[in-house]
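Heads up: the structure comes next, in structure tokens.
The values are calculated or read from the model by the stated rules, or taken from the named source; none is laboratory data. None of these values were measured; they are calculated from a predicted model. To get the accessible areas, we keep the full protein, side chains included, count just its heavy atoms, and leave off ligands, DNA and RNA. Shrake-Rupley method; radii C 1.70, N 1.55, O 1.52, S 1.80 Å.
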Amino acid sequence: MALFCKAMAGGLLFTLSLALLRWEAEGQGNGRGKTEVSGGAAVYLGQDRDIWRPLMHTTVNLSDIRGIKSSFQVRTFDPEGAIFYGDTKKGEDWFILSLKGGIPMMQISKGGVLVSVVGGPKINDGKWHTVDNSREVEVGMQSKQAEEVISGELRLALGGILISEEKMIVQFEPQIDACLREGNWLSLSMPWETEVEELWPCFQNIQPGSYFPGTGFAIFNTSVLNIEEHRGTEIEIWGDFSQINGTILSIKAPEQNLMFILVANNNTKEVTLTFGEEKITMKDIFKRLVITFQTDSLQVVRDEDVTTNTMLPISPGYMTMWRQGHLAVGGLLGEGEDNVGSQFLTGCLEKIQIQGKDLDLDLAVKHMSISSHSCPA
């Protein structure tokens, strides 16, 4: 799929195609507290920052543009997020390329006219996808003016937008665990700028899952996790538990001690579950753990083997307290509202489900140093 942009009499038509490219992200300072990055560098868009703030941006004079074609390649398992943004007149006219449900979506605002186009197959399959001219989606917008002088500046950004998200036609979650590589932006060789000190590298090969590097975690308000006291809560975790190390899960209610902790030890090949004063140590190798909180008991089953079933009693009111607290994936919750974590997880969790639905770490209220949808393969 290609999305084309042409400068026309009174209109714009955007062109985007994706091509196969190289890896290194080389940057150097520019003396303004920012780092300059080659437009052809490999860029990991999931790097930590404010969720709508672009990872990289650049500005060019429209009079310097001699070509209108841009090309790059994207690889992701993430179904949703911001990829490429551009605007003129300081945000009066703009376009946004994103993923929604794994399908490319272009939103354009020109002269007060808003257009949204979605098309093509899903591309969040972990493969590098090239968009070329063999399949074209053209979106044109006619201006009220017969002719338009091409002047001013064009701002471009990757991994975020430079306008208020309220202006968008279709709302989406901006964070995306994705890599871009070797972009060709309007046939220009200008460098891009980033405020981060060092760009995170892209994994050479990836597989589905969530990767925790040992430096961060994701926190959820348990009030949004569809916890129903009368029917219990089921948490399922898939992964090679013998190859991960650190805190997998922790749960804490306001002004209470930690209520639940699940920790993996890569040295002893043990997984320890602490629930109040109770503790369970699991030594057998397993790839799936199902934890079910009922009104009066906690049940733990490994690899769907009922012979591994372990039951612990639950005190009255436990589920009520839990619904008002926090659940952390990949770290031990701390004290206070800031919830500064510790004992972070290192390794890959293949999948996490709560009540049978995948838990999207991009939707966490706090998300640090995690590749939410991919692990190194």
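Structure values in brief
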{"item": "Greater than 28 Å apart at Cα, pairs in LYS122/LYS167; LYS90/LYS122; LYS252/LYS283; LYS100/LYS357; LYS100/LYS167", "result": "LYS90/LYS122"}
{"item": "Region 203-264 - percent of accessible surface contributed by carbon and sulfur, probe 1.4 Å", "result": "41"}
{"item": "C-alpha center-to-center spacing [region 198-212, region 347-377] in angstrom", "result": "13"}
{"item": "For region 75-99 and region 276-308, distance of Cα centres in Å", "result": "43"}
{"item": "Karplus-derived 3J(HN,Hα), 6.51/-1.76/1.60, for each residue of region 41-57, Hz, glycine and proline x", "result": "6, 6, 10, 9, 6, x, 4, 4, 4, 4, 5, 9, 6, x, 6, 9, 8"}
{"item": "Extension gain from GLN47 to VAL117, taking 0.36 nm per residue of separation minus the Cα-Cα distance", "result": "22.5 nm"}
{"item": "For region 321-327, Karplus couplings with θ = phi - 60° (6.51, -1.76, 1.60), whole Hz, Gly/Pro x", "result": "5, 4, 5, 9, x, 10, 10"}
